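FYI, it's all coordinate maths here, none of it is from the lab. If you're wondering where the values come from, they're calculated on a predicted model, not measured in any experiment. Note: ideal-geometry Cβ built from the backbone for every residue, glycine included; neighbour counts use all protein chains shown.
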Amino acid sequence: MLPATDRATRSNSGRLYRLPLAALFVLLMLLRASAPAVDDNAVAWCRINDGPCRTAVQNLIVSLDITPRPVMTMRELSFTVSLLTTAQAPVDAAVSVDLTMPGMVMGRNTIILKSRSAGRYEGMGVIVRCPSGEKLWRATIDIRRAGRTVSVPFLFEVE
Ligand SMILES: [Cu+2]
């Protein structure tokens, strides 16, 4: 027979297990329903109105800037991507930005960026207003170099 304290601990931990598992299950179902193509848990969260966002992927340092700030819908915006190797050398690539909304089909909106200087790419585009009122967007930067494409998604909010 177990001492009373031990029994109490056991039944507590049994209850504690169930809640996170249920929450995880709901979360997985939501993720599956909303975002089949991109795992948004792995996406860099970008506070774009505070300045450029940066992430490191496969020996690349990728930064994204969108101006003017605050970033608003239905307005011409400048998208700037900077690519450096982890050794700070500029990267020569073909770069485009795909604008999508997590869990929603908003139509294709791809901005082809042009190389402006070593490792710096720029292009203009418009983020449409979402009929649902949602403000969360995903900018996926496609970087093609030496026959390979690396896709780098950033999540950000528009005004
Ligand atoms: Cu939408």
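If R0 is 35 Å, the Cβ-Cβ spacing of T86 and E134 corresponds to a FRET efficiency of close to 0.50.
Once the Cα-Cα distance is subtracted from the 0.36 nm per residue extended length, the Q58 to E159 segment shows a gain of 33.2 nm. In a fully extended conformation the segment linking R47 and R69 would gain 6.8 nm over its present Cα-Cα distance, using 0.36 nm per residue.
Using a cut-off of under 16 Å, list every residue of the stretch 111-127 whose amide N is near the label point 7 Å from the Cα of S78 along the Cα-to-beta-carbon line. Inside the label zone: 113-118, 120-126.
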